[in-house]
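The values are calculated or read from the model by the stated rules, or taken from the named source; none is laboratory data. On a predicted model such as this, the values are computed, not experimentally measured, just so you know. Virtual Cβ from ideal backbone geometry, glycine too; neighbours counted across all protein chains shown. Just the protein is used for accessible areas: all its heavy atoms, side chains included, with ligands, DNA and RNA removed. Shrake-Rupley method; radii C 1.70, N 1.55, O 1.52, S 1.80 Å.
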Amino acid sequence: MCGIVGYVGEKNAQDFLISGLKRLEYRGYDSSGIVTLDKNGKTTCLKSKGKIAGLEAKISKNKRSDSIGIGHTRWATHGEPSERNAHPHRSGKIYLVHNGIIENYKVLKTKLEKFHKFTSDTDSEVLTALIDHFYLDGEYPLTNAVVQALKLIHGTYGIAVVSELNPNEIVVARSGSPLVIGIGHGETLIASDASALIGHTRKAIYLNDGEVATITAKSVEIKTLDSQPVSAKVETIKTDLTAIQKGGYDHFLLKEIMEQPTSLTETLRGRIDLNEKTVHLGGPNLSEKELKAIKHVIIVGCGTAYNAGLLASYYIEQFTNDITIEPVMASEYRYRHAHVPDHSVALIVSQSGETADTLACLRDLKSQGVKTIGIVNAIGSTIAREVDGGTYIHVGPEISVASTKAFTSQAVAMIMFGLTIAEAKGIKNSFIAPYVDDIAKLPNEIDNLLQSLQETIKTLAEQYKKYDHAIYLGRDVAYPTALEGALKLKEISYIDANAYPTGELKHGPLALIDDRFFEFILLPEDGLYDKSISGVQEVLARGGHIIVVTDSTDFSLPVENTVFITTKLKLLTPILMNLVSQLFAYYITTAKGLNVDQPRNLAKSVTVE
Ligand code: G6P
């Protein structure tokens, strides 16, 4: 959701701003802009609607040697994507970029209209005008003006502000939207995501909510909104440049799908004991006694993270009948009046660690005294820092908007957490061991599947790209897998794809079957195989255009296409099936010539409500 960058130092600010914005483009990509200042405070502000490439072209015709500036890539909330609504916004002598939502902007706007002629529809321009109002054309220090303004704001923000009157300083602040400060040699960089800093510096300070920093090339001074000084902790960015490059693939999405054997290996590293057939998750910080006492597990996530939680819940409830599992969508759960039973723990699942709805649930559950455990990818992210304990999934940066490798690792990490509870509750090792074996085999099985089926799925995608509607079906663990498959297809190919439990067909979805639809049916050879076959029959009898994905060598119904999965896994086959869905969505989207990595209207990290 919106990306922010900033630079103050000796080098060319435009160069860093544009390269940083390109790295953050996955966060939002409907418009972008930068402002740079020369030594006398003369500004050059360039904006462009659409992808960063448009801004880059403008910059190449307006090259400046300025060595301070701020930039923004936008995901529209208030006001359509346009140059007029693109950041930076200006009021008087100050410029601002903002990520987040100012909830009380209407009231403030009415009051400020006397002093400022608004030129955009954004809430962010209101904040700019408010800061300017307190700045009094430089009579007041910029940092103080920012603090005064922020005290009147309701909502979320990560901001960077510069003034023509002091072209050596950037003021940044955060509440609910991430901001990282990179410390270089004679230069200081800012970004809403550490990936923009990689290759420039490894030293980073993650700003906390309610903090404001005054930044120059050689100094960073952090205070709270109540003017209390903060001594910043400098952390090390471990990610390498190669992790955020396409590495020979046409798209990040394909790279991330194909990376899964290694990314999952990273998730499992040091956490599986094949001799003892046990799992060891240190991060949750729960003693044997605490694990044993757990009676209820709430799993909170959005989008793909929710689907991963739902899938894991089907497994965890198999492990012990002593606990109940409640997977919830964060955007709903945060406003429900749900009763949290005693002895609950909450798994907070988020690739980015910044999703606003998930974060709100985390804070709410914590305030109710529930122990929270993060299943997070982004190291140092807000959720990772606020949970009581957690398991990083360690899949490396996931850049394509559609989440793939994170899903697989989130699901497996949660299944391992379930096994950890089962072990603590004294469940027999003979029951746990087959799951441990399957988990250990999974990276290799994923590799085999990706190598053997890629071409088949590519051909299949060509055949089905003409459809506007798709139905995904699965039963038991294959149902959340079907949900995730449908989500993947709709978000990148714009095919209207919905998933149903196979057993629910007769209660409504069967009415849809006609030549406008195709059906993607997941059919693991499990205890419900025969019942699921009936579902396939029901669709077949109504002239459905069916693709079946199965690991059963017995399957022989005359459907249009069957994708046979050869695997040694028994218990975790649906996770493998999801890879078929991922590849299928990818190849349909490329066959349709659409933007795979940055689908329309979406953003990777949703830091607004
Ligand atoms: C957005 C992304 C999805 C992601 C969801 C949750 O909607 O487009 O791919 O699954 O947010 O993100 P998180 O970072 O919390 O896992």
(request) Can you tell me which residue among Ile439, Ile457 is buried (at least 22 other Cβ atoms within 10 Å of the Cβ), closer than 30 Å to Gln598 by Cβ and more than 16 Å from the ligand (Cβ to nearest atom)? (result) Ile457
(message) Restricting to region 352-379, name every residue that is surrounded by fewer than 20 Cβ atoms within 10 Å (Cβ to Cβ), within 14 Å of the ligand (Cβ to nearest atom) and more than 13 Å from the chain's Cα centre (by Cα).
(response) Ala360
(request) Look through Ser381, Ser367 and report the one residue that is in contact (Cβ under 8 Å) with a residue 12 or more places away in the chain and of a type in the set (S, T, N, Q). (result) Ser381
(request) Determine if region 331-345 includes at least one residue that is open to solvent by less than 40 Å² (accessible area, probe 1.4 Å) and within 23 Å of Lys405 (Cα to Cα). (result) no
(message) Consider region 130-179. How many of its residues are open to solvent by 10 Å² or more (accessible area, probe 1.4 Å), among the small types (Gly, Ala, Ser) and either assigned by TED's automatic domain parsing to the domain that holds Thr355 or more than 15 Å from Asn208 (Cα to Cα) (or both)?
(response) 2
(message) Take the conditions out of contact with any Cys (no Cβ under 6 Å at 6 or more places or on another chain) and either modelled with pLDDT under 95 or assigned by TED's automatic domain parsing to the domain that holds Glu259 (or both) and apply them to Lys506. Does it pass?
(response) yes
(message) Restricting to region 1-60, count the residues that are touching a residue at least 40 places away in the same chain (Cβ under 8 Å), assigned to a strand (DSSP E or B) and either open to solvent by less than 10 Å² (accessible area, probe 1.4 Å) or not assigned by TED's automatic domain parsing to the domain that holds Ile170 (or both).
(response) 12
(message) So the check is Cβ under 6 Å with 6+ separation or different chains; which pairs have a first residue in region 592-609 that's within 11 Å of the ligand (Cβ to nearest atom) and a second one that's in a loop (DSSP other than H, G, I, E, B) and open to solvent by 30 Å² or more (accessible area, probe 1.4 Å)?
(response) Ala603/Trp75
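Results for (1) among the aromatic types (Phe, Trp, Tyr); (2) open to solvent by less than 10 Å² (accessible area, probe 1.4 Å); (3) in contact (Cβ under 8 Å) with a residue 60 or more places away in the chain; (4) over 20 Å from Tyr464 (Cβ atoms), shown as yes or no for each residue.
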| site | (1), (2), (3), (4) |
| --- | --- |
| Pro480 | no, yes, yes, yes |
| Leu483 | no, no, yes, no |
| Glu491 | no, no, yes, no |
| Gly527 | no, no, no, yes |
| Lys531 | no, no, no, yes |
| Val536 | no, yes, no, no |
| Thr550 | no, yes, no, no |
(request) Quick one: which residue in Thr607, Thr566 is open to solvent by 10 Å² or more (accessible area, probe 1.4 Å) and either under 24 Å from Asp438 (Cα atoms) or part of a loop (DSSP other than H, G, I, E, B) (or both)? (result) Thr566
(request) State whether one or more residues within region 295-315 are farther than 26 Å from Tyr26 by Cα and in contact with a Cys (Cβ under 9 Å, 6 or more places away or on another chain). (result) yes
(message) Name the single residue that is farthest from the ligand (Cβ to nearest atom) among those in region 384-409 being under 12 Å from the mean Cα position of the chain (by Cα) and assigned to a helix (DSSP H, G or I).
(response) Lys405
(request) Output the helices (runs of 4 or more DSSP H) that fall wholly within region 78-155 and possess 2 or more residues being polar (S, T, N, Q), or say none. (result) 123-135, 142-150
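Matching residues to (1) modelled with pLDDT of 95 or more; (2) more than 16 Å from the ligand (Cβ to nearest atom); (3) not in a helix (DSSP H, G or I):
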| site | (1), (2), (3) |
| --- | --- |
| Leu253 | yes, no, no |
| Gly283 | no, yes, yes |
| Val297 | yes, yes, yes |
| Ala305 | yes, no, no |
| Ala308 | yes, no, no |
| Tyr314 | yes, yes, no |
| Gln318 | no, yes, no |
